[in-house]
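Here it is: the structure, laid out below.
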Ligand code: KG4
Ligand code: ZN
């Protein structure tokens, strides 16, 4: 017999956000996210510092989530946690916390694949929040700092990757190019902001070729690097003078590559329900481009709320809820995995 209602505590600690969320059935009651400023000075996530920050943040974040949700520990039905992929030391903090919490409360433990959870962000919503969830099957373009995937989503637990990056992820391309330009880490949101007042057609960058529905972004990063080196040799103020146009042109190129492959995926599968997920789905250019392509081609499109795009525990709690309904529980012997091996 299922408890009524089902309360899940979700824990996310795969990279540089420590997050805890509480759900009641399929509704999110609280979603607390603690970012880690400590990495900014290094221009990227420093794994050891991330683990230490998670260790400091995890208990306050869980406390805050339970308080905000007005749910007591003894009401929880299960603890769901990100088991991978991600940084091993970072994952170990969330995993160890979740195991200990579930053991102490004598409630089930649920392991969640981070990339599956990004897709499941489409099923997360608050009470009274206007919200439409995609019917199955749908295509999800999951674009994050570590992964770029086109996922054929057949059911909440049945997902097939039909395209992925062969080298850098889309978010990684944003971040690495931002670093070349001299923007802080993570650079994706800065490129997005600066693009707003830039001309996206000012500079032309190549679309690196990848077979089928796969992607490739490392050539783009190199192309931007060589282009800037050449221009800076002639005019040392080039980047500063053309910052907005460079950002807008880079963003336009990345977004076009993504939408081109998504269009190919729709044409190949015949599925016209399309969704975005992952940190890069917060990008205003990508959100707009999906909307425009959908209106033009008659697709039904789904874009998650901002709070469910970048790493968050609401997506972990909601995935946990659906696994709970199937009694899909993990044992105390479970250990995290760093590398993505499948959905
Ligand atoms: O999903 P996420 O929070 O973490 C991973 O699982 O990797 O994604 C983080 C990525 C970073 O590369 C960040 O630069 C990118 O998402 N990102 C954006 C924007 N917001 C976050 N990229 C472009 N435009 C944005 N507005
Ligand atoms: Zn993520």
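Among the numbered criteria (1) surrounded by fewer than 22 Cβ atoms within 10 Å (Cβ to Cβ); (2) in contact with a strand residue (DSSP E or B) (Cβ under 9 Å, 6 or more places away or on another chain); (3) free of Cβ contacts under 8 Å to residues at least 60 places away in the same chain, which one does residue 54 miss?
Checking residue 54 against (1) surrounded by fewer than 22 Cβ atoms within 10 Å (Cβ to Cβ); (2) in contact with a strand residue (DSSP E or B) (Cβ under 9 Å, 6 or more places away or on another chain); (3) free of Cβ contacts under 8 Å to residues at least 60 places away in the same chain, the one that fails is (1).
Name the residues in segment 156-186 that are closer than 22 Å to residue 231 by Cβ and within 16 Å of ligand 2 (Cβ to nearest atom), would you?
Once the filter is applied, which keeps residues that are closer than 22 Å to residue 231 by Cβ and within 16 Å of ligand 2 (Cβ to nearest atom), segment 156-186 yields 173, 174, 175.
To continue, here is another question. Out of 28, 11, which single residue is assigned to a strand (DSSP E or B), over 18 Å from residue 92 (Cα atoms) and touching a strand residue (DSSP E or B) at 6+ places or on another chain (Cβ under 8 Å)?
On the way: 11 fails: over 18 Å from residue 92 (Cα atoms).
That would be 28, the only listed residue that is assigned to a strand (DSSP E or B), over 18 Å from residue 92 (Cα atoms) and touching a strand residue (DSSP E or B) at 6+ places or on another chain (Cβ under 8 Å).
Within segment 132-151, how many residues turn out to be away from ligand 1 (no atom under 12 Å from the Cβ) and either assigned to a strand (DSSP E or B) or touching a residue at least 40 places away in the same chain (Cβ under 8 Å) (or both)?
Residues flagged as away from ligand 1 (no atom under 12 Å from the Cβ) and either assigned to a strand (DSSP E or B) or touching a residue at least 40 places away in the same chain (Cβ under 8 Å) (or both) within segment 132-151 amount to 11.
Shifting gears a bit: Restricting attention to segment 82-125, which residues are within 14 Å of ligand 2 (Cβ to nearest atom) and assigned to a strand (DSSP E or B)?
Once the filter is applied, which keeps residues that are within 14 Å of ligand 2 (Cβ to nearest atom) and assigned to a strand (DSSP E or B), segment 82-125 yields 82, 83, 84, 112, 113.
In this structure, is residue 165 within 11 Å of ligand 1 (Cβ to nearest atom) and under 19 Å from the mean Cα position of the chain (by Cα)?
On the way: within 11 Å of ligand 1 (Cβ to nearest atom): no; under 19 Å from the mean Cα position of the chain (by Cα): yes.
Against the criterion (within 11 Å of ligand 1 (Cβ to nearest atom) and under 19 Å from the mean Cα position of the chain (by Cα)), residue 165 does not qualify.
Where residues in segment 191-207 are in a helix (DSSP H, G or I) and touching a helix residue (DSSP H, G or I) at 6+ places or on another chain (Cβ under 6 Å), which of them is surrounded by the most Cβ atoms within 10 Å (Cβ to Cβ)?
191
Touching a strand residue (DSSP E or B) at 6+ places or on another chain (Cβ under 7 Å) and more than 16 Å from ligand 2 (Cβ to nearest atom), is that true of residue 135? Let's see the steps before the verdict.
Working: touching a strand residue (DSSP E or B) at 6+ places or on another chain (Cβ under 7 Å): yes; more than 16 Å from ligand 2 (Cβ to nearest atom): yes.
It is true that residue 135 is touching a strand residue (DSSP E or B) at 6+ places or on another chain (Cβ under 7 Å) and more than 16 Å from ligand 2 (Cβ to nearest atom).
Same structure, new question: Does segment 14-33 include one or more residues that are within 15 Å of ligand 1 (Cβ to nearest atom), closer than 24 Å to residue 68 by Cα and surrounded by fewer than 20 Cβ atoms within 10 Å (Cβ to Cβ)?
Checked against the condition, which is being within 15 Å of ligand 1 (Cβ to nearest atom), closer than 24 Å to residue 68 by Cα and surrounded by fewer than 20 Cβ atoms within 10 Å (Cβ to Cβ), segment 14-33 yields at least one hit.
If residue 33 satisfies every condition in (1) over 29 Å from residue 156 (Cα atoms); (2) in contact with a strand residue (DSSP E or B) (Cβ under 6 Å, 6 or more places away or on another chain); (3) outside any helix (DSSP H, G or I) but one, which is the exception?
With respect to (1) over 29 Å from residue 156 (Cα atoms); (2) in contact with a strand residue (DSSP E or B) (Cβ under 6 Å, 6 or more places away or on another chain); (3) outside any helix (DSSP H, G or I), residue 33 is out only on (1).
Still on this structure, please answer the following. Name the residues in segment 148-175 that are out of contact with any strand residue (DSSP E or B) (no Cβ under 6 Å at 6 or more places or on another chain), farther than 26 Å from residue 329 by Cα and surrounded by fewer than 21 Cβ atoms within 10 Å (Cβ to Cβ), would you?
166, 167 - these are the residues of segment 148-175 that are out of contact with any strand residue (DSSP E or B) (no Cβ under 6 Å at 6 or more places or on another chain), farther than 26 Å from residue 329 by Cα and surrounded by fewer than 21 Cβ atoms within 10 Å (Cβ to Cβ).
Which residue, of 275, 293, 289, is within 16 Å of ligand 2 (Cβ to nearest atom) and over 14 Å from residue 173 (Cα atoms)? Reasoning before the result, please.
On the way: 293 fails: within 16 Å of ligand 2 (Cβ to nearest atom); 289 fails: within 16 Å of ligand 2 (Cβ to nearest atom).
The conditions single out 275.
Check 334, 257 and return the single one that is more than 16 Å from ligand 2 (Cβ to nearest atom), touching a residue at least 24 places away in the same chain (Cβ under 8 Å) and more than 29 Å from residue 81 (Cα to Cα). I'd like the intermediate steps shown before the answer.
Working: 334 fails: more than 29 Å from residue 81 (Cα to Cα).
Result of the check over 334, 257: 257.
Values in this text are rule-based calculations from the coordinates and carry no lab data. Since the model is a prediction, treat every value here as computed from it, not as a measurement. Every residue, glycine among them, receives a Cβ derived from its backbone with ideal geometry; neighbour counts consider all protein chains shown.
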